[in-house]
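Worksheet: the structure to be examined is printed underneath.
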Amino acid sequence: MSDAQQDIPQEINELPDPSSFAAPPGGSRKKRKRRVLTEPGGLSITSLMDIMTIILVFLIKSYSDSPVQLKQAKDLKLPFSQSMIDPADSTAVTVTLSNILVDDTKVIDMENGMVSESDRSSGGFLIDPLFQQLQEEVDKQKRIAKVRADAKFTEIVTIIADRHVPFSLLSQVMYTAGQAQFSKFKFAVIKRES
């Protein structure tokens, strides 16, 4: 045998006595003590408050106090004004050099700020697709006014027009809105500090 094997005691490979693992006579295993709560458990609302705070921040950011919603578009640049009148809740007609929209619904496509002759009538002043869409909006507002006492048809239209739209197109849009029973016009502008 080598020197390394002589240093290992002989009893290392023997199996232990199974009686050494048995419970002592008259004894039993220890029972786990269950912790008894004297007070009912409380609800931790810290994480719930964090969630509610985050939701509140997003709601405040998405809330707009202006009734006229302006969508950014590359072909829509509003004129500047020093007007102090706040916009009212009304039907919005957006006029750019390429199309006309009624409340974010595209009504007609144009080329260079001109409505084609086939889409106009009444001596070229009435834009037929715009008239039909505005007439549907008037009918919808009147139906709502019959059902709800606080809602009424106000005859107001807000025109959101690009600053480069020719006056002839604006006059056609105003004439068409007037024929569809909108008698009051408001123009959306960017408020310039005085």
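Here, each number is a calculation from the coordinates, and none is a lab measurement. Here the structure is a predicted model, which means the values were calculated and not measured.
Key figures for this structure:
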quantity: Extension gain from THR46 to SER121, taking 0.36 nm per residue of separation minus the Cα-Cα distance; calculated: 20.5 nm
quantity: Hull volume in cubic angstrom per residue (convex hull over the Cα atoms of segment 80-191); calculated: 99 Å³
quantity: Stretchable slack from LYS142 to LYS184, in nm (0.36 nm times residue separation minus alpha-carbon distance); calculated: 13.5 nm
